[in-house]
Amino acid sequence: MAYSKPIDSAIHIIPEPVSVKVNEGHFRLSSSTRIISTSSKENGVANMMQRMLNISTGYHLRSEKHETGKENNIIILKLNQFPDTILGDEGYTLNITQHHVVIAANKPHGLFYGMQSFMQLLPPSIESKAVVPKVIWEAPCVDITDYPRFKWRGLMLDVSRHFFTVKEVEEYINEMAKYKFNVFHWHLTDDQGWRIQIKGLPRLTEIGAWRVPRTGRWGTFKAPQPGEKATDGGYYTQEDIKKIVAYAKKRFVTILPEIDVPAHGLALIASYPNLSGTQKQYPVWPQYPPDTIDNVLDVANDSVWIVLNKIFTQIAELFPCKYIHVGGDEANRSFWMKNPDDLALMKKEGITSPAGLQSYFEKKLEKIIVSKGKRMMGWDEILEGGIAPEATVMSWRGEEGGIEATRMGHHVIMSPYGSTYLSQIQGNSLIEPPGPGMITLQKCYDTNILPEGVNPDFILGGEGCLWTEYIPNNRHLEYMTWPRALALSEVFWGTKDKSTWSDFLRRVQVQFKYLKTAQIKYATSIYDPFIEGVKGDDDSMKIKLSAQIPGLDIYYRFDETNPDNFSPEYHNKPLSVPNGATAIKVITYRGGKPIGHQVNGPLSWLEKRMRK
Ligand code: ACM
């Protein structure tokens with residue numbers, strides 16, 4: 001018997017499956033449950049499931065290979081004998097009755113995703129890293145059919161601005177795989193650090209991986225001082241890289257390596273100063289280098305091409321991904337225009353603009369990439385001056401680059417900075433740690449990767465990008481990722497007719513329990529109040545209060561004391577400022593309990609930012 005709303009609301013899977021039918025009853029996991037895979041091809045997923053279930057239940061479940069029988073209390077993982085065309089490579093069906101859990105798919109990828117959905121149907125304690133006694137390990141009876149909307153579902157991590165260890169990167173990949181992301185885009189190089197060992201270029205990791213230590217706010221750091229030691233940084237050895245690639249593969253995550261050229265190249269140029277036009281020796285920089293520093297590779301220099309060949313040969317060998325990301329963004333091309341060799345090259349090749357010279361660079365680079373059996377991908381600047389023939393474009397400056405590239409018949413990944421850049425802050429700037437811009441959870445959720453004018457046949461999918469200028473530690477990395485990556489997972493995996501924002505919010509708030517149990521730091525910014533100064537009819541400032549989500553009660557005080565639920569409540573009517581007040585203090589409650597952080601808004605600060 002199928003139930004509709006009340007019982008459906010027990011399902012909180014993210015990303016939302018294509019179809020869910022909730023039936024009466026539960027499957028109860030016990031110490032005698034057996035995990036059965038029908039052939040050795042399912043073993044990898046079955047072993048992983050066994051490990052995941054045993055950690056928190058304390059059971060000793062063992063996966064076994066078996067012809068499926070009629071026994072009760074079993075979890076079956078099986079590959080379909082006759083592939084189901086709707087499911088594709090990554091889809092699955094998950095059928096739970098009181099006696100069986102059956103996950104079926106065409107490929108192990110699908111079984112893995114079916115397993116992840118099953119985990120989200122068990123109580124949040126399943127995410128515990130230690131045994132949790134006295135839990136009833138039940139999952140509701142359901143029939144789920146599910147498959148992704150887009151085949152490219154990525155998260156990008158910048159490990160140059162701040163370095164993250166092998167373990168931290170693995171944990172990141174593990175967490176993203178739970179929400180059915182399948183591409184980890186690894187931004188391995190930038191002005192602030194080179195992070196990958198390249199054999200034959202030892203200075204990259206001796207010099208390029210290290211910069212002077214700075215603590216505090218990005219953008220205020222002192223330049224490297226004469227004689228100062230560069231002690232902050234790190235890099236991955238080729239053995240580390242192989243380990244992480246294998247770790248990701250087990251979780252059906254492909255790693256897209258990015259080596260950002262011709263610009264964002266100061267760590268490379270600090271290691272080998274002969275590669276820039278000015279040939280000056282600069283240190284690796286602890287923040288954005290000033291415009292006067294030449295961080296751009298010299299296109300006309302043969303040494304540049306020898307080095308690039310060496311680097312991309314090894315990148316192609318280390319990473320099984322069929323794409324290599326070559327960056328291409330934000331090149332200060334004016335350095336080329338001051339370099340006689342580059343000007344001579346332009347003349348010889350009939351190139352008439354700086355963008356044309358970058359296009360020449362990208363086309364020459366694409367030949368190297370293709371000669372290694374790979375395809376080239378780059379940020380949307382690679383469109384300028386003429387795109388390389390086979391290149392795939394990552395559209396970050398908005399949607400226009402992506403739209404244009406699809407019209408020209410190029411594949412595109414959508415990562416518009418206005419809704420997918422997780423490096424931007426996610427709530428009230430009065431209390432959020434610093435970062436550029438603001439993207440709320442809802443803004444992520446509203447990301448449209450098939451904007452008007454795009455040719456959808458060429459959109460592979462999307463990515464959320466995490467630039468780490470303002471992210472100096474792993475806990476903050478998690479905070480900036482979750483829950484907004486949940487919204488993106490729903491955009492990239494979920495159906496076109498995805499459910500409402502309010503239903504997503506319901507599910508997100510349940511997922512908080514899973515994240516908390518998994519000891520992942522997530523942001524609760526959706527509960528925090530916004531405070532805004534707006535100009536009233538009489539030209540005086542009025543105060544508007546709001547929250548990111550409905551259903552919160554907002555209380556405030558102008559008298560310097562801390563508000564609670566006995567304080568004045570805000571009812572959608574902008575407030576007049578009492579004479580003499582210098583600040584408004586605001587807090588949110590739900591169901592009689594405080595839920596958001598208290599925000600203190602200095603009136604002078606609000607006045608400066610007042611909306612007319
Ligand atoms: C970028 O954000 N510069 C790709």
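Each reported figure results from applying straightforward, stated rules to the coordinates on display, with no laboratory input. Because the structure is predicted, anything quoted here is derived from the model rather than measured. Cβ sites come from the backbone with ideal geometry, for glycine too, and all protein chains shown count toward neighbours.
Looking at the P(r) of the range 153-219, how many percent of alpha-carbon pairs lie beyond 19 Å?
On the way: 955 of 2211 pairs.
Tail fraction, whole percent: 43.
Max-minus-min Cα coordinates of the chain on each principal axis give 78, 77, 49 Å, with the largest extent listed first. All alpha carbon pair distances within the range 43-152 were sorted into 10 Å bins beginning at 0; the resulting P(r) in whole percents reads 14, 45, 33, 8, 0.
Please list the three semi-axes, largest first and in whole Å, of the ellipsoid equivalent to the range 270-415, using sqrt of 5 times the eigenvalues of its alpha carbon gyration tensor. Can you show the working numbers first?
Details: eigenvalues 117, 68, 53 Å².
That gives 24, 18, 16 Å for the three semi-axes.
Alpha-carbon geometry of the range 186-281: the Rg and the Dmax are 15.0, 47 Å, given in that order.
Each residue of the range 432-437 is assigned a 3J(HN,Hα), and the resulting list reads 6, x, x, x, x, x Hz, derived from the Karplus form 6.51 cos²θ - 1.76 cosθ + 1.60 (θ = phi - 60°), x at Gly and Pro. Taking the empirical scaling 2.2 N^0.38 Å for compact globular proteins as reference, the range 468-612 has a Cα radius of gyration ratio of 1.22. Selection among Ile584, Trp501, Gln519 by position relative to the dipole of the range 493-612 gives Gln519 as farthest towards the positive end (Cβ unit charges, Cα centre).
With both bridge residues required to lie in the chain, what share of the DSSP beta bridges run antiparallel, to the nearest 5%? Antiparallel bridges: around 50 percent, rounded to the nearest 5.
Note down, for the range 275-325, the three equivalent ellipsoid semi-axes (square root of 5 times each alpha carbon gyration tensor eigenvalue), biggest first, whole angstrom.
Numbers: eigenvalues 131, 48, 15 Å².
Largest first, the range 275-325 gives 26, 16, 9 Å.
Across the chain, C-alpha contacts under 8 Å between residues 6 or more apart give a mean separation that, scaled by the residue count, equals a relative contact order of 11 percent.
Across all Cα pairs in the range 81-235, the calculated P(r) in 5 Å bins from zero up to the longest distance comes to 2, 8, 12, 13, 12, 11, 9, 8, 8, 7, 5, 3, 1, 0, 0 percent per bin.
Summarising the overall dimensions of the range 382-428 from its C-alpha atoms, the Rg and Dmax are 12.5, 44 angstrom. Here Ile75, Ile520 are placed in order of increasing Cβ neighbour count within 10 Å, fewest first, which gives Ile520, Ile75.
Full extension of the segment from Thr500 to Val131, taken as 0.36 nm per residue of separation minus the current Cα-Cα distance, would add 129.3 nm.
Given that compact globular proteins tend to follow 2.2 N^0.38 Å, what is the ratio of the alpha-carbon Rg of the range 238-305 to that value?
Numbers: Rg = 15.8 Å, N = 68, 2.2 N^0.38 = 10.9 Å.
It is 1.44.
Counting neighbouring Cβ atoms within 10 Å and putting the fewest first, the residues Glu400, Glu239 line up as Glu239, Glu400. Distance between the pseudo-spin-label points of Asp538 and Arg34 (7 Å out from Cα toward the beta carbon): 8.1 nm. Distance from the C-alpha centroid of the range 308-371 to that of the range 193-256: 23 Å, rounded to the whole angstrom.
List Val159, Val599, Val284 from most exposed to least, where exposure is judged by having the fewest other Cβ atoms within 10 Å. List each step's numbers first, then the result.
Details: Val159 24, Val599 21, Val284 27.
The order, fewest Cβ neighbours first, is Val599, Val159, Val284.
Less than 19 Å apart at the alpha-carbon level, and either on another chain or at least 8 residues along: which aspartates and glutamates does that give for Lys372? In chain and number order, the partners are Glu258, Asp260, Glu317, Glu362, Glu390. Per-residue ellipticity at 222 nm, computed for the chain from helices alone with -39500 (n - 2.57) per DSSP H run of at least four residues, works out to -8500 deg cm²/dmol. Once the Cβ-Cβ distance of Asn174 and Gln238 is raised to the sixth power relative to R0 = 30 Å, the FRET efficiency obtained is 0.85.
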